[in-house]
Amino acid sequence: MKEIVEVIAKAIVNHPSEVQVEEQRRGTTVVLKLHVAPDDMGKVIGKQGRIAKAIRMVMKAAATRENVKVIVDID
């Protein structure tokens, strides 16, 4: 799960070396915290949050295969 978010974020940002993803499991819920450089934040969120929504939708699709719930937080 963590690797999917990492690959997507690194493809979008200007500073891929600063992309970090933390994974926390709480029962059947997985919380993924995405950290990027401050000047790349706009690229990850996108206009009106469209890219962030797309990342969350991809993760929800991947989560259904593993029967878990995924929450993606962008910091």
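Overview of results
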| quantity | calculated |
| --- | --- |
| Filtered residues of segment 14-39 (kept if over 14 Å from I4 (Cα atoms) and either in contact with a His (Cβ under 6 Å, 6 or more places away or on another chain) or of a type in the set (K, R) (or both)) | R25, R26, A37 |
| Filter result (without any contact (Cβ under 8 Å) to a residue 12 or more places away in the chain and surrounded by fewer than 12 Cβ atoms within 10 Å (Cβ to Cβ)) within segment 8-32 | A11, S17, Q24, R25, R26, G27 |
| Enumeration of residues in segment 56-73 that are touching a strand residue (DSSP E or B) at 6+ places or on another chain (Cβ under 6 Å) and under 13 Å from I8 (Cα atoms) | R56, M59, V72 |
| Residue within segment 57-64 that is surrounded by 13 or more Cβ atoms within 10 Å (Cβ to Cβ) and without any contact (Cβ under 8 Å) to a residue 24 or more places away in the chain present | yes |
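None of the figures in this text is laboratory data; all of them are computed from the coordinates on show. Since this is a predicted model, take the numbers as computed values, not measurements. No Cβ is skipped: glycine too gets one built from the backbone with ideal geometry, and neighbour counts run over all protein chains shown.
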